[in-house]
Each structure stands twice: as structure tokens, then as C-alpha cells.
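Let me begin by presenting the structure, written as C-alpha cells, before commenting on it.
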Amino acid sequence: MSAGSDNLEGDYVDHTDRMRNSNTIEALTEIENAGDLMKGTFNQNDLRDLQVLLDQPQKHVTPFETYISYQVSTKTSRIEFEKQNYVVRRRYSDFEWLRNQLSLCYPTLIVPPLPEKHSLFEQIDRYDRDFITSRMQLLHRFLNRLADHPVLSCDKKFEAFLIDTPVEFSTFKKSFAGFGLFGKMSESLQNMASSYVAKGRTVEFEKMSEYVDKLSEKIRTMEKIGQRIQKERTAYLQDLQMVQPILNQWQAYEPNLSQGLQAIGEAAITCAEAQRKLVDCQKPSLSVPLHEYSLYTEAAKDSLRNRDNAQIDYEVNMEQLCRVKAEQTQLETAPLSDHPVMFGMNMWKSPEQVQQQRMQQLETGASTLAMQVEVSRDKMECANENLRADFERWNQVKSRDLKNILQEMADLHIKMYEQSLNAWSKALPIVKNESQAQI
Amino acid sequence: MQSSSSNIVSNNWEEVDSKEIKNLVTETNGKKENILIGKEDVLLHHLDISIVEAEKRINGPLTLKEYYSVYLIETKAIDKNWREGLSPTGSVWRRYSEFELLRFQLENKYPEAIIPPLPEKKASFTRQSQSSDNIDPVFVDRRRVGLENFLLRVAAHPILCHDQVLLKFLQSDREWSDLDVNADGGKYVQQAEFKLKSISTALRLKKPDDHMEEIRHYSSELQSSLGNLLRLRVRLADRLFAIHKLHANYGRVFSEWSALEKTMGDGLQKAGHYMDCYAAAIDAHMEEEDIVADQLKEYLFFGNALQGLSSRHQMAQLEVEKAESHLNLQQYNKSRSLGQDGYLTKLWGKWTGTTETPDDRQAKIETIERNIDEAQVLVQTASTQLSQFSKQAVNEVERFHQHKNANLQESLANYVILQMKLSKMGLQTWKHVKEALEDLP
């Protein structure tokens, strides 16, 4: 890590005089041997009609703020796009905006998660090379998950995000400024509704949400286990590196054993190297993707919650309608004095009048409520349908992704053990040969 | 060891146990061959020695219970062509302190020999999961192996194997020692005296022997290197143990997870099973690695034995130097007495009125000369003793190195083999995991 960041800092100074475009941009990409990490390429074998590539992070320093932007390249054959290739630059807050918009517009779709905001607890440099690389990879995955999504990939905001020039994009963003307020309102409504438990929650969604809860718990446990193993392994490999110096010291006094001791020391170093590789790969190829899935399950939980809210909405409306209907029938069958409440309020009116008025009120109330019920039922059914489809799709993607993560984990271990086995097998004849020579 | 492993993989415990025993057996067989490198005719050629069993006993009244372990030594004569005469079979119970006493006697009787070390009284360099309890069965069993090893080494030693006390220790039911076993006080005083002497001799020696200094130096290097190595080994073992055991958590998560999934269930279940195996396999590995560590530890203690030898050599040398300085003193006295013919002395004598008669002087000189003769004899015997000691010590050291090289080589090779086995196991496990995962949709 330190080597990388040193390198970064060094280049940072070197390149200040070579700033591109404006005098506020520094090229992080011009770091030598940054190679495939910082500059990506489209996979030629990729046949998807919409492909997005995120690379070449740049640091921007303005008098007000310092931030990192990433290059978003798009390659597409969809007819909705005028051109086939687009290149734009976007910063993290743009991604955030995009995701917020999408989750507002499609509350019951599982919108892919963004990497978490930089947390103060971690105490790492926000412009640290590893942090940027890891965030860039996650943002890349985010965009491609959107591009692969049948609904989200056709969204206008996503399209604008991919192709708009900076000016276009910022005016486009402003046109949605009101949305924020609306979002907050609906949130408070949601909070109100959350105290209400949907009655007719179907078994299907009950199961889904139970599954998502459990899966997210499993993933979080796996993350924790991984961290603990990582910690132990790091300490282990550090200790393993101590073997050679100790053996070297001993070797000086054991002329007859020296070759064997040397061979063992070398094997230990090779093993330590193999362990080091495993430890280094752990974060980018295991813990980060796993953590992304932990966030993804949160997104799934959100959409499930939104669906529940749609149902609650419908149920509340339905209940009100029922109450009105019940009152109507009651007034029809048992008129007058059964209604003391009405009485008190309308002392000077004749009971008949009151009843008439009330009936009218109920009539109009019932018709508007019936409409609302209709609307909310539609919404709910829409939500159900959306979520059902998206959950199915998400499940498939999830199985594939998790399988890949686990296989990657197995592969890394296999590699590590192959190297270790090799190292020890090489050492054995040297250690043994000597003993034969002795006898 | 037992407690932690039985918690996690109780079903695997028996398997581990039997494997361990099997391993110990092969280990000791290997040792016997290794110990017999020389061509000398030694007791071990004529007598089969093994410690077959250890038993826990309780001593003292109920309120003051003292637990100790006794070891059953079984001997069987292969042939009877041995000077001291062997019983065809023997089986005796001895406790650790008796071994200590035997070793102490051998040390006193044969100062010029490197007396093989005893296994440790209390477990050192232990892993976290090991019990440091003195009567822990695993520890007692490892000590049994160590004590047997000690007997084998003594019986294979060209000098020590002829000792009568040793034979009695191995075969006769009681009264094997000249010293009283229970007179612990005397023994320890003697030992303490011996230690004190050897510490101070190093300071008093005028002309340390180069060869012995080298041995001293070597032994301290051996001790520090092996000490460092063993300490590191324990740390590595603890870490590795933890890493493997943590994988059991993956096993748990996988199998719980498999219950959630319809299509992934089977593969996850399998993968979880392999993770459990991965965690369980470390127990057996560590047991085997502990045996190798014990072998290295023996040589760590051999360092002490070497130092004992060098201390005893220093004492022998001190004897010579003492005799020499005594001789020098006598010779100086003589020259002073002869020098009294001088004028000044006479004057001094006259003036003080203490003039010696010539007869007196003659007598004095004669005594001095007698003393000189005696001192010369003393110097002579001490020197011959020292040179004999040195010669034998050189042989001993030579022999030690030969055995050490062979034994350590074997231990190191075993260590490497163990690491290979572990790597193979890991490789196999993760390959299985990968296969299981490939079955996933």
C-alpha cells in the first residue's frame, strides 16, 4: 500500500506542470505501470448492446473542493443512442444523484448499490490510490449492472448520465431539483405507514423478504470470517518471513546441515510469498465484491419495503372505503337517533336533513375513495409484478456472482497451496540427500 | 489440545488419536535405528528397551494429594552375551524423579561423557490449544516417548551402557541406586554445589582450552537458535491452527446458507462439508508437528548436556592449574630459602638475633623439596587426567555431532514432509470446494 501511495504522491508533484485541460486537473492516470488498473479496455468478446467502461480517475483541485472524477466510456448498438461511442467524465456525487433518481422512480426495482461513502472511521486518505481503485471498480460494476438491467438501462436519466456534456448534464440535473422535496415527503409518509403492518401480505413476498434477510446475514457473517482469517493470515505470513533469518543464524554453526536449513528457509520464504498473494487478492476479489452484495441485499430490502408500502397504501384506502360503505348501509337500515354524534353537531337541523346530508357526503367520499383504491391497487399490482420480475432476475445474477466470488476464493487458495507444495517438494530432496551422504 | 478439538470436531477425535499413536510408534522405531549409528558393541544390541505405559498415581494423605506419573519400562534380552548379565525380561515402574536421579549419577560417574538430556519436566513452547498441565495425558504420553528416547540413547552410548546402576534401573525391581531415592535433600545440595563450582571455574581459569571454549560457544548457539526456532514454530502453529479453525465458520455459514437456496443448496452443502474437513485436519497435523518440535527440543536440551561436559572439563583443568600454582609456590619458597645465603639476609639475621642454624635451614629445604615432589606428582596426575578427559571429550563431541546431524536431518525432513502433506491437504480440499461450486447453476 505505502509504496503505491508514495508513487502516487511522487507523480502528483511531477505532473503538476503538465496538467491537462485546465489548471485544476491532475492526471492520476499518467502514473507509470498503473496500466490495466487505471486504464481499462472493452472486452472484445462482449456482445451486450450496451457496455460501459469506467477508468482513468483524475484528481481535481479547485479553490472550493478537491474531488476525483472518472471517465465513463459507453459503447452501444441500441437505436435509442445517436452515436455508438460516448466518453464523459463523472464524479461520485453524479453517481449518487443517478442512483437516488432511479430508486425514486423505480421504488420496487432492485437498484444496484453504490460503493459506500468514505467513512470517517476508516481513517484512510480519500485520495489514496487503493481507495480510488477499489471505488472505481465498484462504480464500474454499478454502471454495468444498470446497463444489463432490462428496465433501468432504458431510463432517460441513465442515458443522460452516459452521454450528456457537463453543461447539458448539470441543467438536466437541475430540472429534477424538485424531486428531492417530494422524496422527503414520501419518506415521512412511509414512516407513518411503517407503523402499520400490512394484513394481506402474501406468502410469496413474505418468503422473499425472509430470504433476503437471511442471505444478508450470511453474507455479513462471511465478511466477518474473512476479515478474521485475513488478520491471522497476515500475522502468519509475517512470522513465516522470520524463519529464514533464524535458520541462517543457525546454519553458520552446522556445516553438515547448512544446505538443508537453507532449503527450508527458502521454502518458507516462497510460502510467505504465496500467502502474501492470497492476502493481497483477498480484498479486491473477495471482500469488496462480497461487501457489494451485502449492500445489494440492502437494496433488495428497500424495494421489498417499498412494495409493502404500496400494499399498505392500498389496504388503508380499502379499509376506509369499507368504513364508508358500512356507514352507508347502516344509515339506510337504521336511521336517525342511532347517530348521537351527528345529533350534537347539527342541533338546529332536522334529523332527516342531517341524514340526507350525511348520505350525500358519504356518497361522494365513497366514489373518490373507490377511485383511490383503484389507483392504489393498480400501483400495488404494478409493484408486485415489477418486484417479482426483478427479484427473479436479481436472483439469477446473484447466484452467478456469488458463485464467481466463491470460485475465485477457491482458485486463490488452490494457487497458494500449489506454490507452497512446490516449494516444500523442492526443499525435501535437498534436506534428505544430505542425510544419505552423512550415513 | 483435546479440549478444543473435541469441542469443534468431536467425531474426528478418535481418528486423530489412533493416528497419533501410530505415528509415535513409527517415530520411535526410526529413532532406534538412528541411535545405533556407531559400530560399538552396546547394550542396545542385546536388550530391547521400551516404555510401554504411563500411569497416574496419587501419593500422600487425602488432604495433601500429590499426583505423579509412573512409567513402565519393559526390557527383553535379545541375547545374553553381555558382560554384566541380563535378565531375560524385566518390567519396572519408574517415576520421573528416578530418571533424574539416574541421570545425575551418570553425570557424576562419567564426567567426560555427554549425558543425553531428559525430556522436560514441564511443557514449554506449547501451543495455545495445548494443555500445560503436568498430568495432561497428551503431555504425559509425549514425555513417555522422551524418556524412552533417553534410555535408548544411554543404552546405545559406548561408555554409559556398561553402567551397573543403569542395568539395575532397567531391570531390577528395587534398590537400583546407591543413593537413596527419597533423600532428595542430599541430592539437590550436591547438585547445587556442583553448579556453583562450575560457574565459578569459568572465571578462575587462567588458560581456557580452545576446543572446549568452542564447544561451549557452539552449545550456546545451538540453544539460542533452537530456542528461537521453537518459539517461532509455536507462533506459526498457533496462527495456522487459528486460520484452519476459522474455516469451520465458513462451513457453518455454507451449510446454513444451503438450507436457504433451492438450486445452490447441494453445492453449498458440499463446500461447507469440505470447509469443516479443512478445519478438522489441522488437529492431526499439529500433533505430528509437535512430535518434530519435541525432537528439536531434545537437541535444545542437549545444549545443556554439552555445557555440562565443558563445565566438568573446566573443573578438571582447574585441578591442574591449582596443582601447578601450588608447585610454583613451593618452588618459589625453595628459591627464597636458598637465596638466604646472601649478605643482607645474614645481616638482618644477626641484627634481629634470629639467625638460623645451617641444620635448620637444611631441614627446611628438605621439606620444601619433598613438597615440590608431591606437588609435581599432583600436577602429573591432574594433567594426565585432564588429557584423558580431553581425549574422551573430543570423541564424545565427535559422536554427538554425528548423531545430531543424522537426527536433526531426519527431523527437518519430517518437518518438510509434514508441510507438504498439509499443502496437499489444502490443495485437495480447495479443489473439492471448487468442484462442488461448479455444480452450482
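Here, each number is a calculation from the coordinates, and none is a lab measurement. On a predicted model such as this, the values are computed, not experimentally measured, just so you know. For neighbour counting, all protein chains shown are included, and Cβ atoms are generated from backbone atoms with ideal geometry for every residue, glycine included.
One table, with the values for the structure above:
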| quantity | calculated |
| --- | --- |
| Distant-in-sequence amide H partners of A:Arg89 (H built 1.01 Å from N, under 5 Å) | A:Val72 |
| Net charge of neighbours whose Cβ lies under 11 Å from the Cβ of B:Lys297, counting Lys and Arg as +1 and Asp and Glu as -1 | -2 |
| Amide H contacts of B:Glu53 (H built 1.01 Å from N, under 5 Å, at least 5 apart or other chain) | B:Leu72 |
| Averaged over B:260-269, number of beta-carbon atoms from partner chains that fall within 10 Å | 3 |
| Karplus-derived 3J(HN,Hα), 6.51/-1.76/1.60, for each residue of the range A:225-232, Hz, glycine and proline x | 4, x, 5, 5, 4, 4, 5, 4 |
| HN-Hα J in Hz across the range B:425-441 - Karplus 6.51, -1.76, 1.60, θ = phi - 60°, x for Gly and Pro | 4, x, 4, 4, 4, 6, 5, 4, 4, 4, 4, 4, 6, 5, 5, 5, x |
| Under 13 Å, Cβ to Cβ, from A:Gly226 - net charge with Lys/Arg +1 and Asp/Glu -1 | +4 |
| Total formal charge among the other residues, if their Cβ is under 13 angstrom from that of A:Arg388, Lys/Arg +1 and Asp/Glu -1 | -2 |
| Under the Karplus curve 6.51 cos²θ - 1.76 cosθ + 1.60, θ = phi - 60°, whole-Hz ³J(HN,Hα) for the range A:71-82, x wherever Gly or Pro sits | 8, 10, 9, 10, 10, 8, 10, 6, 6, 5, 9, 6 |
